[in-house]
Each structure stands twice: as structure tokens, then as C-alpha cells.
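S.K.: Quick one: this structure, given as C-alpha cells, is what I'll be asking you about.
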Amino acid sequence: MRLNSAGRLIVFVLGEGAVIANVYLNNPPSEVLTRKGNFMGLLGTEANLFADMTLIAQTAGFLILLLGWRYAKRKNFLKHDKTSKASVLLGGLSFIWMGFSLVSNLVPLISVTLTGFVIFFHTITGTIALFMGLFLVLNEIKKTKTSMIIAFSLWTAAMFLGVMLYYLLFV
């Protein structure tokens, strides 16, 4: 972090820190998320490479999870098990970056705005969904239709909120 000649705080951190460039010292934290840099990401947005790769990995994981749901409907539980494990693996890898990004940018992200609420609910639903999925694939939770529907529903909600958050921050 450093101050430039215009009295702005320039913050450079891995992850969504690219969005937090040019934070004015006298503005409330909610305004931090409205300032975007001149970055061109992999998907043609202002997101950095890590944000784009996370979105791609989460989308792939969600599509694999949908495929697993289809296998379960067809009673092909071996393929259902393999696709569920692959989905949780992609979710876990993405969670590492998202967790780092959240912790690195926690103060600017605390705000009573639409973006702040989306971040809060995405974090809660995504964490519960990921750990519930992890516990299901590791046989720590009894595999029942109800528990899997709850995990799938939470994952779907987290995915929707994540795409919404990506749009709010980078598009």
C-alpha cells in the first residue's frame, strides 16, 4: 500500500485487490467497491486472472454437479459419486482463492450495500455448501436424498450469488 500525490490510497493485493485501486482516504468503505481499475481479464471484464479462473472453475464444478445429479436420477451411483467428488475438488480449489481474497479485502467489503449483502450471503451459502459437499463425499454425513438436496440447493444458491457478485464487481 502507498499514498500517491493526489492523496489516494493505492492498494495492490492478489485477487479482488485489483478492484480496490484508487481508494480515497476520506470515503466510506462502501465506495471502495465502486471504483474499478483499467484491467482486462481473461473473460474481457475488469476482473483479474484469478477471479476469472475461479468463475470458470466454479462453473465447471457446477456443471459437473448437474451431471452427477442426472447420474443419481438414472441410478448410476458410481458415476454420481465420481462427478460429485470432482465438483467438490474444483469447489475446494476455488475456495482457497476466494477465502484469501475475502480476508485480504475484508474491511473494504464490509458495507451496507447490495454488493455487501451479496458478498455476505454468498460467503455463508458457499461455505456451508462446500463443507456439506465435502462431508458427503467423505462419508461424514449420512448420504440421504434430503441431505443431498440441501447441499445441491445451497450450492446452486451460492453459484447464483457468485455470478451476481462477479457481475457487480467486474462488469
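The values are calculated or read from the model by the stated rules, or taken from the named source; none is laboratory data. Owing to the predicted nature of the structure, the values given are computational and were not obtained by experimental measurement. Virtual Cβ from ideal backbone geometry, glycine too; neighbours counted across all protein chains shown.
S.K.: With respect to TYR24, determine if the residue is aromatic (Phe, Trp, Tyr) and modelled with pLDDT of 80 or more.
M.R.: For TYR24, the condition - aromatic (Phe, Trp, Tyr) and modelled with pLDDT of 80 or more - is not met.
S.K.: Going by what's in this entry, would LEU93 be described as buried (at least 20 other Cβ atoms within 10 Å of the Cβ) and either of a type in the set (Gly, Ala, Ser) or under 18 Å from PHE62 (Cβ atoms) (or both)?
M.R.: So LEU93 does not fit the description; no.
S.K.: Then there is this: Search segment 35-56 for residues being small (Gly, Ala, Ser) and surrounded by fewer than 17 Cβ atoms within 10 Å (Cβ to Cβ), and hand back the single one that is modelled with the highest pLDDT.
M.R.: Among those that are small (Gly, Ala, Ser) and surrounded by fewer than 17 Cβ atoms within 10 Å (Cβ to Cβ), it is GLY44.
S.K.: Has segment 6-14 got any residue that is of a type in the set (A, V, I, L, M) and either modelled with pLDDT of 95 or more or part of a helix (DSSP H, G or I) (or both)?
M.R.: No.
S.K.: So ALA72 clears everything in (1) surrounded by 19 or more Cβ atoms within 10 Å (Cβ to Cβ); (2) modelled with pLDDT of 90 or more except one condition, right? Which one?
M.R.: (1)
S.K.: Can you name the residue in segment 114-141 that is crowded, with 17+ Cβ neighbours inside 10 Å and hydroxyl-bearing (Ser, Thr, Tyr) and is also farthest from the chain's Cα centre (by Cα) among such residues?
M.R.: Ranking the candidates gives THR115 first.
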